[in-house]
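Below is one structure; the comments refer to it alone.
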Amino acid sequence: RYAAGIDIGGTKSAIGIVDQQGTVIAKRTLPTDQSVTPDVMVDRIADALKELIQDTKIDEAELIGIGIGAPGPLNTKKGTIVKPPNLRGWWDFAIVSSFERHFTVPIHFENDATAAALAEKWLGAAKEAENFVYITISTGIGAGIYSHGRLITGSTGNAGDVGHLVIDPAAGACVCGQQGCWEYIASGTAIARQASQLLGRDVSTKEVFDLADDGHVQMKALVDQVFRYIGIGCVTLINTFDPELLVIGGGVSQVGDPLFDCIRDYVSRHALNPTGRNTLIMPAALLQDAGLIGAAALVHIPY
Ligand code: ADP
Ligand code: ZN
């Protein structure tokens, strides 16, 4: 029994066939071409999936479902993409019915961070946890919430959009219209933007960390401030959900120990209850293919 996992992203989309153990037996990546209609893009993805099915010689009857992970805001009740900032060509697109033109198996559809949380529960850092929050710190910030042994998806699949928790109302305006959202001040994008302003030239997120490591005072101060902002958001999630574990993934988490040490230190001093202060904080275990494994998990794992 196999599931297809489809991870829709702003620049590329990944398509994979995943078995019941979570092994990716075949995959393809396609550029997400926003110059064509999303229906045409779905046609290309469907063709790629049909090719994968043929190449792997699995019986079509063994494909038990398709899981789709996509950036929010979306509407899982209606099966639509709503208005993700990096997927403008897909706003209000009925993605589930578009895939139903090509396939008859059940289609599961959730936001990408929620799907990634389920992947960490299935195969990653949260296998043993009944209550955890998965946080991705990447282009933006998002979360998937797993509580009482189930995913918390919300009424339309948008629960966990923690990138828009207000952390510093004195900071600048976010795309959502609020001031000082978590992702506006602590995402990979935010790090590069703030550093570029300070240095008066374009700086990449990675370069900010390298400069800070080399003792650049301004960049070190920026990195410290960002790590503290990440700590603040983590404390808010711990106080809200009382999880056993936080799992942290996304490009910025690649920084590793310096980030995790700062978060653990901040949480150990500021979570309200003594148990919360000891919340385990672990890096995500699934890096490669996390998106498509998460999408396939929606088919293989009850949530
Ligand atoms: P996406 O947001 O498309 O899912 P990623 O999870 O890779 O992509 O996150 C991209 C962000 O993470 C970018 O801001 C990038 O600069 C940053 N990033 C990627 N790798 C690293 C790294 N090794 N160290 C620090 N930042 C990184
Ligand atoms: Zn916002």
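Each reported figure results from applying straightforward, stated rules to the coordinates on display, with no laboratory input. Since this is a predicted model, take the numbers as computed values, not measurements.
Values for this structure:
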| read-out | value |
| --- | --- |
| Cα-based convex hull, region 50-136, per residue volume (Å³, whole number) | 142 |
| Tail fraction, Cα-Cα pairs, the chain, threshold 30 Å, whole percent | 33 |
| Listed residues Gly144, Gly177, Gly276, most fluctuating in the chain (Gaussian network, C-alpha, under 10 Å) | Gly177 |
| Under the Karplus curve 6.51 cos²θ - 1.76 cosθ + 1.60, θ = phi - 60°, whole-Hz ³J(HN,Hα) for region 209-221, x wherever Gly or Pro sits | 5, 5, 4, 4, 4, 7, x, 5, 4, 5, 6, 4, 5 |
| Degrees between helix 112-123 axis and first principal axis of the chain (Cα, 0 to 90, nearest 10) | 80 |
| Rounded to whole Hz, the Karplus (6.51, -1.76, 1.60) HN-Hα couplings of region 96-107, x for glycine and proline | 5, 5, 5, 5, 5, 5, 10, 9, 10, 5, x, 10 |
| Bridge type composition, the chain - antiparallel percent by DSSP, nearest 5 | 55 |
| The chain: angle of helix 290-300 to the longest principal axis, Cα-based, in degrees nearest 10 | 50 |
| Top of Ile293, Ile64, Ile191 by mean-square fluctuation, Gaussian network on the chain, Cα under 10 Å | Ile64 |
| Per-residue ³J(HN,Hα) for region 236-246, Karplus 6.51 cos²θ - 1.76 cosθ + 1.60, θ = phi - 60°, Hz, x for Gly and Pro | 4, 5, 5, 5, 7, 10, 6, x, 6, 8, 10 |
| Pairs of Cα atoms farther than 21 Å apart, region 5-112, % | 29 |
| Long-range lysine pairs (8 or more apart or interchain), the chain, Cα under 22 Å | 8 |
| For His108, distant residues with modelled amide H under 5 Å away | Ile66, Gly67, Ile68 |
